[in-house]
Amino acid sequence: MSQVERARRLLAGAGEVMVLTGAGISADSGVPTFRGEGGLWREHRPEELATPRAFARDPRLVWEWYAWRREVVSGCRPNEAHRALARWALRRDAVWIVTQNVDGLHAVAARVAGGSPTDRLIELHGSLFRVRCTGCGERRAHRRPIDATSEATLPRCEACGSLLRPDVVWFGEPLPESVISGAVEVARRADACLVVGTSAVVQPAAGLASTVAQRGGALIEVNPAVTSLTTLAHVSLRTRAAATVPALVASEDAR
Ligand code: OAD
Ligand code: ZN
């Protein structure tokens, strides 16, 4: 039996499944990953820009980076991996997609598949297309272009006038309590975990996959590179997401 078939059977036989995704699943859509090639923006590393300190020091620079990322993502579409997962989650009601990505492509794929974008999707690190007020804390959707030419042109809160920031989780910040508790609950229930395109170095996301494995659940990884989860994985597929994920979640009748 091929490794792909072995993984497919483990997933098909599981009661509840947690799919954990990272930047690698969107690499096949043209979204740059954080730590791989093309992960740098100008001379900056994401770890230097995605922090509350960087924003306090130079909000214009941080917003310029996010404006660039929003622009890149706006030109990208979900690939076959996002789409196959969305169709699978629609077909089987015990599949949860937990993503570290802030590109919103899982939600777009869900919509294309005819489902609700938020149904059984947990965006651990927030969204590029949402903003949060640094003054009153209000969160809302925001898709208009950002003008980051100077600090004076940065977006401000309509209610209190304070600077708005991207509604994403930065290094050194905790995940919102409701988001992490929802994800931990999924990890505690899941009989299998499919990990796609994450280097699994950022917590608590990576720990969700190990939780499933430690409870005896099947762990399947799709990643061209070895990661810190590889030694825990029952099946480790060294391939690109878009090339393999559709075959893993295909139903008997669709094959
Ligand atoms: P990384 O950039 O750390 O890792 C991307 C992973 O995707 C690597 O392991 C690659 O080998 C793999 N990869 C590359 N191309 C792939 C493909 N076509 N198919 C499948 N896998 C592929 O990104 P994340 O693990 O998502 O957090 O990073 C985790 C978090 O760190 C991000 O959510 C972000 C970042 O800093 C915050 O911003 C809070
Ligand atoms: Zn405000």
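The values are calculated or read from the model by the stated rules, or taken from the named source; none is laboratory data. Here the structure is a predicted model, which means the values were calculated and not measured. Note that we place each Cβ from the backbone using ideal geometry, even for glycine, and neighbour counts take in every protein chain shown. Side chains are part of the model used for accessible areas, which takes the heavy atoms of the whole protein and leaves out ligands, DNA and RNA. Shrake-Rupley method; radii C 1.70, N 1.55, O 1.52, S 1.80 Å.
Remark: spin-label model distance Thr230-Glu71 equals 3.6 nm, labels positioned 7 Å along the Cα→Cβ axis.
Taking 7 Å steps out from each Cα toward its Cβ at Arg139 and Arg215 produces label points 2.4 nm apart. Of the listed residues Glu158, Glu64, the order by accessible area with a 1.4 Å probe, largest first, is Glu158, Glu64.
When DSSP beta bridges are limited to those with both residues in segment 114-255, what percentage is antiparallel, rounded to the nearest 5? The partial results should precede the final answer.
Values: 8 of 16 bridges.
Among the beta bridges of segment 114-255, antiparallel pairing accounts for roughly 50 percent.
With the whole protein complex present, Val108 retains an accessible surface near 50 Å², based on a 1.4 Å probe. Note on the chain: with neighbouring protein chains present and a 1.4 Å probe, carbon and sulfur make up 52 percent of its accessible heavy-atom surface. Accessible surface for Arg189 stands near 100 Å², nearest 10, in the context of the full protein assembly shown (1.4 Å probe). Please name whichever of Ala148, Cys76, Val112 sits farthest to the positive end of the charge dipole of the chain, dipole taken about the Cα centre and charges placed at Cβ: Lys and Arg +1, Asp and Glu -1. My answer, from the dipole projection, is Val112.
With every protein chain kept in place and ligands, DNA and RNA left out, what is the accessible area per residue of segment 175-245? Probe 1.4 Å, answer in Å². Kindly include the intermediate steps, with their values, before the conclusion.
Working: 2900 Å² over 71 residues.
Value returned for segment 175-245: 41 Å² of accessible area per residue.
Taking all protein chains as shown and a probe of 1.4 angstrom, Ile122 keeps an accessible surface of around 20 Å². Charges were assigned to the Cβ only: +1 to each Lys and Arg, -1 to each Asp and Glu. The resulting dipole of the chain about its Cα centre is roughly 280 debye. Heavy-atom accessible surface of segment 37-123, averaged per residue, reaches 48 Å², computed with a 1.4 Å probe.
Calculate the tail of P(r) for segment 1-136: the fraction of all Cα-Cα distances greater than 24 Å, expressed in %.
Details: 3506 of 9180 pairs.
Beyond 24 Å sits 38 percent of the P(r) for segment 1-136.
Packing, as the average of other Cβ atoms within 10 Å across residues, places the peptides 16-24, 239-247 in the order 16-24, 239-247, highest first. For the chain, the longest principal axis of the Cα atoms and the long axis of helix 3-13 meet at an angle of about 90 degrees.
Tell me, rounded to the nearest percent, the portion of alpha carbon pairs in segment 84-181 spaced more than 17 Å apart. Considering segment 84-181, 58 percent of its Cα-Cα pairs are separated by more than 17 Å. When the Gaussian network model of the chain links Cα atoms closer than 10 Å, the mean-square fluctuations of Ser178, Ser162, Ser116 top out at Ser178. The angle between the Cα long axis of helix 205-214 and the longest principal axis of the Cα atoms of the chain comes to about 20 degrees, rounded to the nearest 10.
Inter-label distance, Leu163 to Arg60: 1.1 nm, where each label sits 7 Å from its Cα along the C-beta direction.
Based on alpha carbons, the Rg and Dmax found for segment 148-245 are 18.4, 54 Å.
Our summary of shape: the Cα atoms of segment 78-130 have principal axis extents of 28, 20, 17 Å, ordered from largest down, in whole angstrom. DSSP beta bridges confined to the chain are antiparallel in about 30 percent of cases. Remark: segment 63-141 carries a charge dipole of roughly 180 debye about the Cα centre, counting +1 on each Lys and Arg Cβ and -1 on each Asp and Glu Cβ. Volume of the convex hull of the chain (Cα atoms only), normalised per residue: 124 Å³. Using a cutoff of 8 angstrom between alpha carbon atoms and counting only pairs six or more residues apart, the relative contact order for the chain works out to 26 percent.
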